[in-house]
1. Suppose we keep only residues that are touching a helix residue (DSSP H, G or I) at 6+ places or on another chain (Cβ under 8 Å) and hydrophobic (A, V, I, L, M, F, W, C) within the stretch 114-148. Which one would you say is nearest to Pro177 (Cα to Cα)?
2. Filtering the stretch 259-273 down to residues that are modelled with pLDDT of 95 or more and not small (Gly, Ala, Ser), which residue is nearest to Phe210 (Cα to Cα)?
3. Looking for whichever is assigned to a helix (DSSP H, G or I), under 26 Å from Leu58 (Cα atoms) and either touching a Cys at 6+ places or on another chain (Cβ under 7 Å) or at pLDDT 95 or above (or both) here; the options are Pro170, Pro177. Which one fits?
4. Within the stretch 255-295, can you find the residues that are of a type in the set (Ser, Thr, Tyr) and closer than 21 Å to Arg346 by Cα?
5. For the stretch 139-167, what are the residues that are outside any loop (DSSP other than H, G, I, E, B) and free of Cβ contacts under 8 Å to residues at least 24 places away in the same chain?
6. Count, please, the residues in the stretch 214-231 that happen to be at pLDDT 95 or above and either part of a helix (DSSP H, G or I) or closer than 20 Å to Ala354 by Cα (or both).
7. Go through the stretch 308-331 and count every residue that is of a type in the set (D, E, K, R) and over 22 Å from the mean Cα position of the chain (by Cα).
8. Would you tally the residues in the stretch 308-322 being over 18 Å from Lys252 (Cα atoms) and among the charged types (D, E, K, R)?
Amino acid sequence: MKRVIVGLSGGVDSSVAAYLLKQQGYEVIGLFMKNWHDDSVTISNECPWLDDSNDAMLVAEKLGIPFQTVDLSEQYKERIVDYMFNEYERGRTPNPDVLCNREIKFDVFMKIALELGADYVATGHYCRKGTIKKDGKEIYQLLAGVDDNKDQSYFLCQLSQEQLAKSLFPIGELTKPEVRDIATELDLITAEKKDSQGLCFIGKVKLPDFLQQQLKPKEGVIVEVSKEQDIYNDIQTDFNSEEEKLEYLSRKIDYKVDLGKVVGKHQGAHYFTKGQRKGLGVGGTVEPLFVIDTDVKENVIYTGQGKEHPGLLKKALFVSNEELHWVREDLKLELDETLEVLARIRYRQSLQKATLHKVDSGMYVEFEEFQSAMAEGQFVAWYINDELIGSGVIS
């Protein structure tokens, strides 16, 4: 019997994952990760991790599997929380969920599981793992979940071959309603439980409150830039090389206060992200205002009216070599190579046609259609059909 350690989070997905593995004849152990101590920043006075670990324990009891809790809050603070503060301070928008999978669940947690004699680690992610043989070597594939509505392959876009080799995703072939049905049939306490919305494992945290712990409020101005502004009409069309064109398409516009009019005040540019609409507190515009850029150095937020504002739209992005990652290292592009793929720049986005261009300093992702609110610090992931083959941080 192979031993599998399941990251039991106290939710319905990991509960059903544990049950399915047991049905398949594995020796299953449930492990709950505690990643946060500070209850002063959760939204309500309930303590979410305590409820979750309790639910996880009740599920383990019901399934008749051993259960224990492991405290990873120190590593979580170091690898996720500090990284987030650092990114926000730089004016970038991090994705803690992607990082949490790479750094915590499939690294720190996986090492603990392997030390406990596990052959595999399993989670309740909606994705699938494939195995193919190439040149006599086994290669692992990260495939989208069968449920289009819940596919979570994007969140695992930073996993490596070594991590995939030791991972199992038991619910990837199921839809969310099917998972709930199984949990209901088994009468599991998590059957009707809502999906968690908080930061990965921290619980119900209000992001601004959380950021305010370290990033001090600092009053600045909100500037509205008109769609008609000359910077948007000055369109270049002739280029000396493909790379020059890509550089132009992915360029960052250099906004200055005198390009628009001051329409309000804010408490810190580092609390806002590109594409954000809520929380600006500015009314009276014909169309809603969206953040089109933030300048954390000068502490200015630039906004524009409507989601078709040219300040939100771009056709290409750049990923530097340091932040480029291939799940399928055998498909890695060499200098000057291109590859047609499907790509997304956020979890819920439907896949978009794009072309990868490998250059000396990194890689350009050029989309067929304009993309809205490409935020630096977020992840772009690219696929061939339903297989995620690589990802990178938008720079």
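1. Once the filter is applied, the top-ranked residue is Cys127.
2. Applying the filter and picking the extreme gives His266.
3. Details: Pro170 fails: assigned to a helix (DSSP H, G or I).
Testing whether each residue is assigned to a helix (DSSP H, G or I), under 26 Å from Leu58 (Cα atoms) and either touching a Cys at 6+ places or on another chain (Cβ under 7 Å) or at pLDDT 95 or above (or both) leaves just Pro177.
4. So the first thing to find is which residues in the stretch 255-295 are of a type in the set (Ser, Thr, Tyr), and the list is 255, 271, 273, 285, 294.
Across the stretch 255-295, the qualifying residues are Tyr271, Thr273, Thr294.
5. At the first step, the residues of the stretch 139-167 found to be outside any loop (DSSP other than H, G, I, E, B) are 139-144, 153-156, 161-165, 167.
Across the stretch 139-167, the qualifying residue is only Glu162.
6. The total comes to 0.
7. As a first pass, look at the stretch 308-331 and keep what is of a type in the set (D, E, K, R): 308, 314-315, 322-323, 328-330.
Filter once more, so that each one left must be over 22 Å from the mean Cα position of the chain (by Cα): 308, 330.
The number of residues fulfilling the criteria is 2.
8. Step one: filter the stretch 308-322 for residues over 18 Å from Lys252 (Cα atoms), giving 321-322.
With the extra rule that they be among the charged types (D, E, K, R), the set shrinks to 322.
Total satisfying the criteria: 1.
The values are calculated or read from the model by the stated rules, or taken from the named source; none is laboratory data. These numbers come from a predicted model, not from an experiment. Every residue, glycine among them, receives a Cβ derived from its backbone with ideal geometry; neighbour counts consider all protein chains shown.
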